[in-house]
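Heads up: the structure comes next, in structure tokens.
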Amino acid sequence: MQINKLRGKQLDQLFDAMLSLKDRDECYQFFDDLATMSEVQSLAQRLQVAKMLIDGSTYNSIENETKASTATISRVRRCINYGSDGYKLVVDRLNENE
């Protein structure tokens with residue numbers, strides 16, 4: 001895994017801050033201050049793309065539903081195939097809670 005390339009005091013603080021959030025409303029508050037609307041929407045889009053890829057959707061259906069570019073879909077696919085399994089971890093948990 002390539003997780004160690006990210007590690008550092010600032011990221012630890014960011015992740016600890018995220019883990020301290022108690023509910024969805026607190027997440028909205030924090031992310032509204034932390035990032036631009038475009039940045040947050042881009043992250044949400046990537047997660048949706050990952051979920052659809054893991055669930056077996058085609059590039060065409062993902063592109064139509066999420067409006068993601070094929071470059072974004074390919075990048076997410078590469079992370080799913082060769083990354084740290086973060087998308088899989090989260091998508092599995094989301095699917096458990098549905």
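The values are calculated or read from the model by the stated rules, or taken from the named source; none is laboratory data. Being a predicted model, the structure only gives us computed values, none of them experimental. Cβ coordinates were reconstructed from backbone atoms using ideal geometry, including for glycine residues, and neighbour counts include every protein chain displayed.
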>> Residue pairs, Cβ under 7 Å, 6 or more apart or interchain, first in segment 4-27 and outside the structural domain of Gly86 (by TED's automatic domain parsing), second in a loop (DSSP other than H, G, I, E, B) and surrounded by 11 or more Cβ atoms within 10 Å (Cβ to Cβ). List them.
In response: Cys27/Leu21
> If you scan segment 40-59, which residues turn out to be under 13 Å from the mean Cα position of the chain (by Cα) and either among the small types (Gly, Ala, Ser) or not assigned by TED's automatic domain parsing to the domain that holds Asn95 (or both)?
Replying inline: Ser42, Ala44, Ala50
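Within segment 79-98, track down each residue that is loosely packed, with under 15 Cβ neighbours inside 10 Å and either in the same structural domain as Cys27 (by TED's automatic domain parsing) or β-branched (Val, Ile, Thr) (or both). Give the steps one after another, and end with the answer.
Our first condition is that a residue be loosely packed, with under 15 Cβ neighbours inside 10 Å; within segment 79-98, this holds for 81-82, 84-86, 88-90, 92-98.
Scanning segment 79-98 gives a single hit, Val90.
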